[in-house]
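The values are calculated or read from the model by the stated rules, or taken from the named source; none is laboratory data. Computed from a prediction, not measured in an experiment: that's the story for all the values here. Note that we place each Cβ from the backbone using ideal geometry, even for glycine, and neighbour counts take in every protein chain shown. Remember, those area values only see protein heavy atoms, side chains included, never the ligands or the DNA or RNA. Shrake-Rupley method; radii C 1.70, N 1.55, O 1.52, S 1.80 Å.
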Amino acid sequence: MNCWFTEMQTPDMAISCRVKKTLHEEKTPFQHLAVYETDQFGRMLALDDVIQTTIMDEFVYHEMITHVGLNTHPNPRRVLVIGGGDGGSIREILKHPSVELATLVEIDERVIAAAREYLPEISCALGDPRVRVIVDDGIKHVKENRDTYDMIIVDSTDPVGPAEGLFGRAFYQDVHDALTGDGLFVAQTESPFFNRDLIPRIIQNVRSIFPVTRLFLACVPTYPGGLWTFTMGSKKYDPLEANLEQLPDLKTRYYTPAVHRAAFVLPPFVEELLQSEEG
Ligand code: AG3
């Protein structure tokens, strides 16, 4: 059998990998959800034919979307993840002893169920007593919870379909208001090669709301272009001045204090996105 999964990463470019077995497939009220067994990347979760996470490279994304922010804040106790139904961000958050409550707000409960069943390495922390799982719209949740979270992680899909609102100014304002007085947020913000209109818009919006705005990079092979951006908006703490001397043992495979600092070193073609007047 010769069966391939293909994601159209742009209208003119695709990534394909051979599928050994389709482990699960369904149409949820929100999207098409599939879990494939592949030789190249291990098990892989796709939503509407877009790769969300794979056993081979999920650690990069989940470590970087969580630890950079958590180690920038001196005492993160209440942390919110919007999206991220696979549980990878939650798993990393719980490595921080300061965290008392990690809340996951995922719009599609079927994603959580599929991750629990087929991706236990990623979803393993969802049953921890410090975790609260809420099936709801993240946009609504931040509107309804003011001054509540020390850190918010926006672990979303691409800015189409259910996640579109998670990239707009109104949402960042609600994220700001849902954070405590010295809180910060980190969002996944797509490819510096293929999203050159989107990223400057995000940066401008976040800058108009947060005193500290930073972009950082990591390499996620299954995402378009491989090089991926994350954006931090912070009310007080600057990730470039974070005290990384005495971290708990995070047992990471990508994140280290040196990688934390290096992630903010931007090549000129990325730096340009921060200076753009467009948007
Ligand atoms: N969120 C998806 C990031 C965007 C991937 N885009 C793409 N493959 N075109 C990942 C969720 C993992 N918790």
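Counting residues in segment 36-48 that are assigned by TED's automatic domain parsing to the domain that holds Pro221, of a type in the set (A, V, I, L, M) and on the phi < 0 side of the Ramachandran plot gives zero. For segment 137-159, filtering for residues that are under 21 Å from Val99 (Cβ atoms), out of contact with any Asp or Glu (no Cβ under 7 Å at 6 or more places or on another chain) and of a type outside the set (Gly, Ala, Ser) leaves 11.
Of the residues that make up segment 233-246, is at least one among the polar types (S, T, N, Q) and not assigned by TED's automatic domain parsing to the domain that holds Val154? Among the residues of segment 233-246, at least one is among the polar types (S, T, N, Q) and not assigned by TED's automatic domain parsing to the domain that holds Val154, which makes the answer yes. For first residues located in segment 48-60 and farther than 16 Å from Lys27 by Cβ, partners that are of a type in the set (Ser, Thr, Tyr) and open to solvent by 50 Å² or more (accessible area, probe 1.4 Å) and lie 6+ apart or on another chain with Cβ distances below 9 Å form the pairs Phe59/Tyr254; Val60/Tyr254.
Scanning segment 145-165 for residues that are within 15 Å of the ligand (Cβ to nearest atom) and at pLDDT 95 or above yields a count of 8. Any residue in segment 135-148 that is in the same structural domain as Val175 (by TED's automatic domain parsing) and small (Gly, Ala, Ser) sitting within a Cβ distance under 8 Å of a residue that is in a helix (DSSP H, G or I) and open to solvent by less than 90 Å² (accessible area, probe 1.4 Å)? List the pairs, counting only those 6 or more apart or interchain. Partner pairs satisfying both residue conditions: Gly138/Leu166. Do we find a residue being farther than 24 Å from Asp137 by Cα, open to solvent by 10 Å² or more (accessible area, probe 1.4 Å), touching a residue at least 12 places away in the same chain (Cβ under 8 Å) and in contact with a His (Cβ under 7 Å, 6 or more places away or on another chain) anywhere in segment 67-88? Yes; the residues of segment 67-88 include at least one that is farther than 24 Å from Asp137 by Cα, open to solvent by 10 Å² or more (accessible area, probe 1.4 Å), touching a residue at least 12 places away in the same chain (Cβ under 8 Å) and in contact with a His (Cβ under 7 Å, 6 or more places away or on another chain).
Specify the residue that is nearest to the ligand (Cβ to nearest atom); the eligible residues are those in segment 7-16 that are in contact (Cβ under 8 Å) with a residue 12 or more places away in the chain and loosely packed, with under 12 Cβ neighbours inside 10 Å.
Start the filter on segment 7-16 by keeping residues that are in contact (Cβ under 8 Å) with a residue 12 or more places away in the chain, which leaves 7-10, 13, 15-16.
With the extra rule that they be loosely packed, with under 12 Cβ neighbours inside 10 Å, the set shrinks to 13, 16.
Working: Met13: 11, Ser16: 13 Å.
Residue satisfying both the conditions and the ranking: Met13.
Of the helices (runs of 4 or more DSSP H) lying entirely inside segment 17-125, those carrying at least 1 residues that are within 13 Å of the ligand (Cβ to nearest atom) and over 12 Å from the mean Cα position of the chain (by Cα) are 88-93, 109-118, 120-123.
Just one of the numbered conditions (1) open to solvent by less than 40 Å² (accessible area, probe 1.4 Å); (2) assigned by TED's automatic domain parsing to the domain that holds Leu166; (3) in contact with a Pro (Cβ under 9 Å, 6 or more places away or on another chain) is not true of Arg110: (1).
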